[in-house]
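Visitor: To start, I am sharing the structure in question, which I have written as structure tokens.
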Amino acid sequence: MQSSFWDPVETVSQDEMAALQAERLRDCLARMVVSVPFYREKLGAMGVEPEDIRSLDDLARLPFTVKQDMRDSYPYELFAVPMDDVVRIHASSGTTGKMTVVGYTVNDIALWADLAARSLSIAGVDQSDIIHVAYGYGLFTGGLGLHYGGERLGATVVPASTANMRRQIELAQDFGATVLCCTPSYSLFLGEQAAELDADLSKLRLGVFGAEPWSEEMRSEIEARFGITALDIYGLSEVIGPAVAMECQYKRGMHLAEDHFIPEVVDPATGEPLPNGEIGELVFTCTTKEALPLLRYRTGDLTRLERGRCLCGRTTIRMEKTLGRADDMLIIRGINVFPSQIEAELLRTDGLEPHYELLLERGESHMDDLTVRVEASEKLYRDSEDVGAVERKLAVTLQSRLGVGCRVEVVAPKQMPRSEGKAVRIVDNRRI
């Protein structure tokens, strides 16, 4: 199936892209100096003028923006336009502190719709598709971003949001959904319930999943359950929402909209830029947004960047699936562990379902104790001896892979919690 939304900028040379980025960066800095006191003071303190930026090599001279800066500027102090020009507000959940607030002008909303349409087109969606959007609608950007992108593309959009699961399945079946958009963990829940209801979702051919880290093993699980192609989409509300990067059918990384969001990868500890191919913290400079341009925003997400023409023909820089957030990395007895590493081993193990939880506690000796709780399939759970063998084998495998010991607990089917949004994988009782 051919896509119907192709932006010529996706195939320009690296030099052409760099020239465009530098021009837009200078224009953005000029707006910031005039309209945003926070950036005017930062740039002034560093002695940097917009005209000093001659190429992308000068990007490293500019200051970082971090999430705390947005919280300190709550709600509107980082906006570069008057509130009369702001037509939409989105915000983070604020679960770890004050919400980060994002404003959009009319032009920002149009840009977002265009980029979301570009992302869906990269995935292989076109106007003949029926898109079932099961991301949340509201202050969270997921639902509305893909909704407007689908409409901009000319596809049919079903704004299911996070409705009752039975209702979700009824809508997807009766309306003939061909594309599913939601978190990867929610797709597994939906697939599980659809199987129990004997629902026919055979028209689904493609899934666009994001908003949480997910492993290649989970991709394989989703594709097997639905008989679809599962692709990764990346975004965050501070930058614009979903549509910052999108994976194509070749699955060689997500194509970044670098004509609007200049990406860098830096050392999380020092902030020093890292070369393409090295893992570090992802940083974005948002050059074309009107209401909330951001300078070198540190996302906290860990990934690597790769250049080179993709088999799909695009030349835009690509980012790998994120390992997770730098602040999601678990330090257990001095060892760095990512939940995605554990997920990969769980999904390689026969008889386990992709529903799990990592429980961290402080033991009697004041050492960190990790318990991995994972759900058994019906077949495995009928044989208690097999359950015990899986627990013992998996504990050995995880210790070998991670370098830290843990306890594995295989629980009965349907006992692990399901999520209608982002899955909660970590319960850290060490902080209590």
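The values are calculated or read from the model by the stated rules, or taken from the named source; none is laboratory data. Owing to the predicted nature of the structure, the values given are computational and were not obtained by experimental measurement. Counting neighbours? That spans all protein chains shown, and the Cβs are built from the backbone with ideal geometry, glycine included. Accessible surface is based on the protein model in full, side chains and every heavy atom, while ligands, DNA and RNA are left aside. Shrake-Rupley method; radii C 1.70, N 1.55, O 1.52, S 1.80 Å.
Visitor: Take the conditions touching a residue at least 24 places away in the same chain (Cβ under 8 Å) and either part of a helix (DSSP H, G or I) or acidic (Asp, Glu) (or both) and apply them to GLU391. Does it pass?
Guide: Here the answer is no, as GLU391 does not meet what is asked.
Visitor: Oh, and also: Can you tell me which residue is modelled with the lowest pLDDT among those in segment 316-335 that are closer than 17 Å to SER215 by Cβ and not aliphatic (A, V, I, L, M)?
Guide: ASP328
Visitor: May I ask you to list the residues in segment 2-41 that are part of a helix (DSSP H, G or I), among the charged types (D, E, K, R) and touching a residue at least 24 places away in the same chain (Cβ under 8 Å)?
Guide: GLU10, ARG24, ARG26, ASP27, ARG31
Visitor: On to the next question. Within segment 45-57, which residues are surrounded by 12 or more Cβ atoms within 10 Å (Cβ to Cβ) and assigned to a helix (DSSP H, G or I)?
Guide: Hits for segment 45-57 are PRO50, ASP52, LEU56.
Visitor: Against the definition (open to solvent by less than 10 Å² (accessible area, probe 1.4 Å), in a loop (DSSP other than H, G, I, E, B) and not acidic (Asp, Glu)), how does THR322 come out, yes or no?
Guide: No.
Visitor: Please specify each residue of segment 377-394 satisfying the condition of being within 33 Å of the chain's Cα centre (by Cα) and surrounded by 16 or more Cβ atoms within 10 Å (Cβ to Cβ).
Guide: Across segment 377-394, the qualifying residues are LEU380, VAL390, GLU391, LEU394.
Visitor: Restrict the check to segment 407-424 and report whether at least one residue is small (Gly, Ala, Ser) and assigned to a helix (DSSP H, G or I). Break it down into steps so the answer makes sense when it comes.
Guide: Initially, segment 407-424 is screened for residues small (Gly, Ala, Ser), giving 412, 419, 421, 423.
From what's left, assigned to a helix (DSSP H, G or I): none.
No, because not a single residue in segment 407-424 is small (Gly, Ala, Ser) and assigned to a helix (DSSP H, G or I).
Visitor: Please enumerate the residues belonging to segment 58-73 that are part of a helix (DSSP H, G or I) and over 16 Å from GLU238 (Cβ atoms).
Guide: ASP58, LEU59, ALA60, ARG61
Visitor: Of the residues ASP84, ASP52, ASP69, which single one is charged (D, E, K, R) and under 27 Å from the mean Cα position of the chain (by Cα)?
Guide: ASP69
Visitor: How many residues, within segment 255-284, are part of a strand (DSSP E or B) and within 20 Å of SER13 (Cα to Cα)?
Guide: 6
Visitor: Next question. Which residue is nearest to ARG348 (Cα to Cα), if the candidates are limited to segment 363-388 and must be in a helix (DSSP H, G or I) and among the small types (Gly, Ala, Ser)?
Guide: GLY388
Visitor: Of all residues in segment 278-312, count the ones that are farther than 22 Å from PRO242 by Cβ and open to solvent by 20 Å² or more (accessible area, probe 1.4 Å).
Guide: Selection size over segment 278-312: 6.
Visitor: Moving to a separate point now. ALA134 - would you say it is touching a Cys at 6+ places or on another chain (Cβ under 6 Å) and closer than 19 Å to GLY207 by Cβ?
Guide: So ALA134 fits the description; yes.
Visitor: Please go through segment 58-87 and give me each residue that is loosely packed, with under 15 Cβ neighbours inside 10 Å, over 16 Å from ARG298 (Cα atoms) and charged (D, E, K, R), ordered by number.
Guide: ASP58, GLU77, ASP84, listed by residue number.
Visitor: Which numbered condition trips up ILE228, out of (1) out of contact with any helix residue (DSSP H, G or I) (no Cβ under 7 Å at 6 or more places or on another chain); (2) within 30 Å of THR285 (Cβ to Cβ)?
Guide: (2)
Visitor: Going through segment 344-376 one residue at a time, which ones are of a type in the set (Gly, Ala, Ser) and open to solvent by 20 Å² or more (accessible area, probe 1.4 Å)?
Guide: From segment 344-376, those of a type in the set (Gly, Ala, Ser) are 344, 351, 363, 365, 376; that's our starting set.
Once the filter is applied, which keeps residues that are of a type in the set (Gly, Ala, Ser) and open to solvent by 20 Å² or more (accessible area, probe 1.4 Å), segment 344-376 yields GLY351, SER365.
Visitor: Continuing with this model, one more query. If we keep just the residues of segment 215-254 that are part of a helix (DSSP H, G or I) and of a type outside the set (A, V, I, L, M), which is least open to solvent (accessible area, probe 1.4 Å)?
Guide: Among them, the one singled out is ARG219.
Visitor: Right, next: May I ask you to list the residues in segment 325-343 that are closer than 26 Å to GLU375 by Cα and in a loop (DSSP other than H, G, I, E, B)?
Guide: Selection gives MET329, ARG333, PHE338.
Visitor: Please verify whether VAL265 is in contact with a strand residue (DSSP E or B) (Cβ under 6 Å, 6 or more places away or on another chain) and either surrounded by fewer than 23 Cβ atoms within 10 Å (Cβ to Cβ) or of a type in the set (Asp, Glu) (or both), treating the condition exactly as stated.
Guide: The answer is yes for VAL265.
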